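The values are calculated or read from the model by the stated rules, or taken from the named source; none is laboratory data. It should be emphasised that the depicted structure is a prediction, and the values quoted were computed from it without experimental measurement. Glycine also receives a Cβ, built like all others from the backbone with ideal geometry; neighbour counts cover every protein chain displayed.
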Amino acid sequence: MKLLPASSAERISTIDILRGLAVFGIFFVNILYMSTTSVYFERSGVVPAGESAVNQGVKLVIELFLSGKCYPILAFLFGVGFFILLSRAEQKGMRIYSFFLKRMLILYLIGAAHMLFFYGGDILRTYGLLGCLLLLFYRRKERTVLRWAISILIVFLLMFSLSFLQPAADLKESQSKNYTAAQQDSAAAIVAYQSGNYREWLAFHLNEDVLPALAMEPITYPSTFGMMLLGFYGGRIRLFQRIAEFIPLLRKIRIISGLISLLVTALLAMARLKAIDFGVYETTAAQYLIYGFGIFLSLYYMSTILLALQKPFVKKLLHPFQYAGRMTLTNYLLQSVISIVVFAGFGLYLKLNLVMVVGYCFVVILAEIGFSRWWMSRFPFGPMEWVWRRLTYGKLEQAAKASISGLKIGH
């Protein structure tokens, strides 16, 4: 197969396809927290009892292949988009630092509204906050950026491993208390979600979803920022403009990350299936494997998809995802709005088994792809992308639109 340099349109299409796949992967993870009581047990470091075999099986598949693997991909693409956007803005003589800080502030505020009124696990605020730190690396050398990215990810893994230092006796005692608390939170969640009253649900959501999420959020900062920096490096070396040149490197990344992911996934599966006994450290080990080493499966997914997209039939097969990828912000927010209406508004929370919930996700995904395709055939930006852009540029929107015309990758 002869590999040719990607055109501008193809390059953006590749990024959009990756982004579309990632945002839908995140949906399958988020839906567990919007339709079941999983979050209350997970954040307490305990495993719920009495779940059906079907639900356990679906959760296991999501844990093995999606949890902790999709948000790093979006973070990477955010870093790529950051470099492309700023470099083009700089070429047009714009004040890039004030421009980007304002853009990140607006993203943060959109995320804050999303978190407060719909979903406690919002990622937009994290991207808006950490995105500001990327400015510190805009003028740095490529090698420096790469070293920082790798160092941060390594430190993240080392810091995460410190959780194993907690004495087993103390951990067992805390898990007992946490399990009781998780049961109480779950009972309250069922009442709030199934009441059909948004105000009652919101009061519960602010106290039991938002506040705990804010407390735990900083744990994800190192891995998210490390992947952003890695994406920034990818933008800096023009990865998506020079895919053909990086085929050998992508193959190496796929092999190395694939082997590590195979080992980690096998360990996680055996732990969940009780083939390996971690004792009181089972949940700690599972979270370490999911959220710590999940980065490697993210790299495997990205390298595999980028290599596969060099084949025309794969590109044609995945083509519909590019429409969703061009409207990532809109689709991400829509998933939460629709799901809260379905599971809180209609009171279906905890009333569907997870096979039905996954089926619901596929219906929403197909609808979003169709809507995205229809919208993007008529407008240059998605609805929320336009709002974000409008608030960023204000009265200068037309001038700014001309300044960075052609950039349709969402960041």
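Inspect the range 117-130 for any residue being more than 25 Å from G292 (Cβ to Cβ) and of a type in the set (A, V, I, L, M, F, W, C) and give the result as yes or no. Within the range 117-130 (the criterion being more than 25 Å from G292 (Cβ to Cβ) and of a type in the set (A, V, I, L, M, F, W, C)), the answer is yes, since at least one residue qualifies.
Of the candidates L165, L202, L133, L153, the single residue that is hydrophobic (A, V, I, L, M, F, W, C) and free of Cβ contacts under 8 Å to residues at least 12 places away in the same chain is L165.
Just one of the numbered conditions (1) buried (at least 17 other Cβ atoms within 10 Å of the Cβ); (2) closer than 30 Å to V337 by Cα; (3) small (G, A, S) is not true of S195: (1).
Table: residues versus (1) outside any helix (DSSP H, G or I); (2) without any contact (Cβ under 8 Å) to a residue 40 or more places away in the chain; (3) of a type in the set (S, T, Y); (4) farther than 29 Å from F225 by Cβ.
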| position | (1), (2), (3), (4) |
| --- | --- |
| L158 | no, yes, no, no |
| D170 | no, yes, no, yes |
| E173 | no, yes, no, yes |
| S176 | no, yes, yes, yes |
| V191 | no, yes, no, yes |
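Does the range 242-251 contain at least one residue that is hydrophobic (A, V, I, L, M, F, W, C) and at pLDDT below 95? Yes: one or more hits. A count restricted to the range 193-229 and to residues that are among the hydroxyl-bearing types (S, T, Y) and not in a helix (DSSP H, G or I) stands at 1. Checking each residue in the range 152-189 for being surrounded by 13 or more Cβ atoms within 10 Å (Cβ to Cβ) and hydroxyl-bearing (S, T, Y) picks out S163, S174, Y179, S186. The set of residues in the range 222-266 that are charged (D, E, K, R) and under 20 Å from L66 (Cβ atoms) contains only R254.
Condition check ((1) among the basic types (K, R); (2) in contact with an Asp or Glu (Cβ under 7 Å, 6 or more places away or on another chain); (3) under 25 Å from A53 (Cβ atoms); (4) at pLDDT 95 or above) across all residues:
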site: V337; (1), (2), (3), (4): no, no, no, yes
site: V357; (1), (2), (3), (4): no, no, yes, yes
site: S377; (1), (2), (3), (4): no, no, no, yes
site: M384; (1), (2), (3), (4): no, no, no, yes
site: K395; (1), (2), (3), (4): yes, no, no, no
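Against the criterion of being touching a His at 6+ places or on another chain (Cβ under 8 Å), under 23 Å from F296 (Cβ atoms), modelled with pLDDT of 95 or more and part of a helix (DSSP H, G or I), L64 does not qualify.
Going by the structure shown, is M104 surrounded by 20 or more Cβ atoms within 10 Å (Cβ to Cβ), part of a helix (DSSP H, G or I) and free of Cβ contacts under 8 Å to residues at least 40 places away in the same chain? Taking the combined requirement at face value, the residue satisfies it. Any residue in the range 318-328 that is of a type in the set (A, V, I, L, M, F, W, C) and either without any contact (Cβ under 8 Å) to a residue 24 or more places away in the chain or within 26 Å of R43 (Cα to Cα) (or both)? No, that holds for no residue.
Scanning the range 130-156 for residues that are within 13 Å of F82 (Cα to Cα) and assigned to a helix (DSSP H, G or I) yields a count of 8.
Residues that are assigned to a loop (DSSP other than H, G, I, E, B) and of a type in the set (A, V, I, L, M, F, W, C) were ranked within the range 46-61; the one that is farthest from the chain's Cα centre (by Cα) is A49. Name the single residue that is surrounded by the most Cβ atoms within 10 Å (Cβ to Cβ) among those in the range 81-101 being charged (D, E, K, R) and either part of a helix (DSSP H, G or I) or touching a strand residue (DSSP E or B) at 6+ places or on another chain (Cβ under 7 Å) (or both). Looking at the filtered set, the residue picked out is R88.
In the set F41, F28, F78, only one residue is buried (at least 23 other Cβ atoms within 10 Å of the Cβ) and part of a helix (DSSP H, G or I); that residue is F78. Every test in (1) modelled with pLDDT of 95 or more; (2) within 23 Å of V58 (Cα to Cα) is passed by G325 save one, and that test is (2).
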